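> Starting off with a structure, shown below.
Bear in mind that the values in this text are calculations on the coordinates, not laboratory data. Bear in mind that the values here come from a model prediction, so they are computed numbers and not experimental data. Note that each Cβ is placed from the backbone with ideal geometry, even for glycine, and that neighbours are counted across all protein chains shown.
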Amino acid sequence: MSTQPNYREAVNKVYSSLKGKKRIIADRLLSEPILMIEKSIADFAKECHCDQTTVVRFAQMLGYSGYAELKIAVARQSEAIWQEFTPDITEARHKSKEKDVASSLMRIHCESITGTFRNLDQTAIRKTVSCLGKAHRVMICGSGSSAFAAEDLSIKLSRQGIQTCFYRDQEMWKTFIGYLESSDLLILFSNSGETPAIIELAETALRKKIPVAGIVSFSGSTLARLANFPILTENRGELPIRLGAMTSRTAQFMIVDLLTILYSMGDKKRSWNYLEKSYV
């Protein structure tokens, strides 16, 4: 059982004594707790028009060690990670919990796919597929949940005769990026577009004039800016504190399948020859 104080009770105890910026922080926390869960300390401080030190001191005033501990307490006590799957009272009378959760999952995954399709940059897709057809080697990288989509693409392209390079170990990334040349292709997966190791790869590739395709959810992210072919996926605002990546993963796998199918359609005879070898 958690020994952390209830954040609402803690705020209520000191609320009357709060002034200025701390009163603003308290009001935002009470009215929009989800905001704290979604934001980094820098972004939350900006929302409250104060500096990060004030936010930390506010958290400590409530009995927490700092912003991170307060954020976790808010997430736990508000049960935010389950809110999207919890029916309202009227719906709950007519549905089982299992069907309701399944229905919610179907809805959010369909929205993710639909949003990704609606905003698809056809030019970026076309150029990426063109590079796949010309590249001597294709290096594919992703960390965390994005590694699943990266590995899936590597396997599917390998089955069509493309020489792919995929490793989960980031130290291997640093080694093998050195073997790539301007005639190759680097494909990077990152939901946020700000994963440090992924950004470092993109910057290295650009210095070596290696084309980069970036599968990313945020158009204003560093990866989207650096990539020669930024391919945007739908971002439904998944919380940083969650059971696991869900909608972002679905959108990435859609792009994987789209690239795979388009590449295979470019030369059906070639694709069939490779597929036939694997089946035999």
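> Between Ile215 and residues 5 or more places away or on another chain, which pairs have amide H atoms under 5 Å apart, with H built 1.01 Å from N, and which residues are they?
The list, which skips near neighbours in sequence, is Leu188, Phe189, Ser190, Ile231.
> OK, next. Using a simple charge model, +1 on the beta-carbon of Lys and Arg, -1 on the beta-carbon of Asp and Glu, nothing else, what dipole does the chain show about its Cα centre, in debye to the nearest 20?
280
> Any chance you could give the angle, 0 to 90 degrees and rounded to 10, that helix 268-279 forms with the longest Cα principal axis of the chain?
Its long axis makes an angle of about 80 degrees.
> Follow-up question, since we're still on this one. If you take the charge dipole of the chain about its Cα centre, with +1 on Lys and Arg Cβ and -1 on Asp and Glu Cβ, which of Ala73, Ala124, Ile140 is farthest toward its positive end?
Final value for the positive-end residue is Ala124.
> Now a separate question. What share of the DSSP beta bridges in the chain is antiparallel, in percent to the nearest 5?
Roughly 0 percent of the beta bridges in the chain run antiparallel, per DSSP.
> Something else now. Rounded to the nearest 10 degrees, what's the angle between the helix 196-207 long axis and the longest principal axis of the chain, both from Cα atoms, 0 to 90?
Orientation of helix 196-207: about 40 degrees from the principal axis.
> Rounded if a/c is under 1.5, else prolate if a/b is larger than b/c, else oblate: which is the chain, with a ≥ b ≥ c the root eigenvalues of its Cα gyration tensor?
In terms of gyration-tensor shape, prolate.
> Let me ask something additional. Can you tell me the relative contact order of the stretch 108-279? Whole percent, Cα pairs under 8 Å, sequence separation 6 or more.
27
> For the stretch 253-258, take each phi angle, set θ = phi - 60°, evaluate the Karplus expression 6.51 cos²θ - 1.76 cosθ + 1.60, and give the result in whole Hz per residue in order, putting x for glycine and proline.
Taking θ as phi minus 60°, the curve returns 5, 5, 5, 4, 5, 5 Hz for the stretch 253-258.
> Shape of the stretch 7-78 from its Cα gyration tensor (a ≥ b ≥ c, root eigenvalues): rounded if a/c is under 1.5, otherwise prolate when a/b > b/c, or oblate?
rounded
> Ranked by Cβ crowding within 10 angstrom, fewest neighbours first, how are Val212, Val280, Val129 ordered?
Going from least to most buried by this count: Val280, Val129, Val212.
> Label the stretch 12-53 by shape, choosing from rounded, prolate and oblate, from the square roots a ≥ b ≥ c of the eigenvalues of the Cα gyration tensor; if a/c is under 1.5 it is rounded, and otherwise prolate applies when a/b is larger than b/c, oblate when it is not.
Taking the square roots of the gyration eigenvalues as a ≥ b ≥ c, the stretch 12-53 is oblate.
> Between Arg107 and Asp27, what FRET efficiency comes out of the Förster formula 1/(1 + (r/R0)^6) with R0 = 30 Å and r the beta carbon distance, rounded to 0.05?
0.40
> For the chain, take the longest principal axis of its alpha carbons; what is the angle in degrees between that and the long axis of helix 52-61, to the nearest 10 within 0 to 90?
With rounding to tens, the tilt is 50 degrees.
> Could you work out how far apart the two model spin labels at Glu276 and His136 are, taking each label as a point 7 Å from the Cα in the direction of the beta carbon, and quote it in nm?
Each label point is offset 7 Å from its Cα along the Cβ direction, giving 2.9 nm.
> If you don't mind, another one. For the pair Glu98 and Lys46, how long in nm is the line joining their label points, each one 7 Å along Cα→Cβ?
4.5
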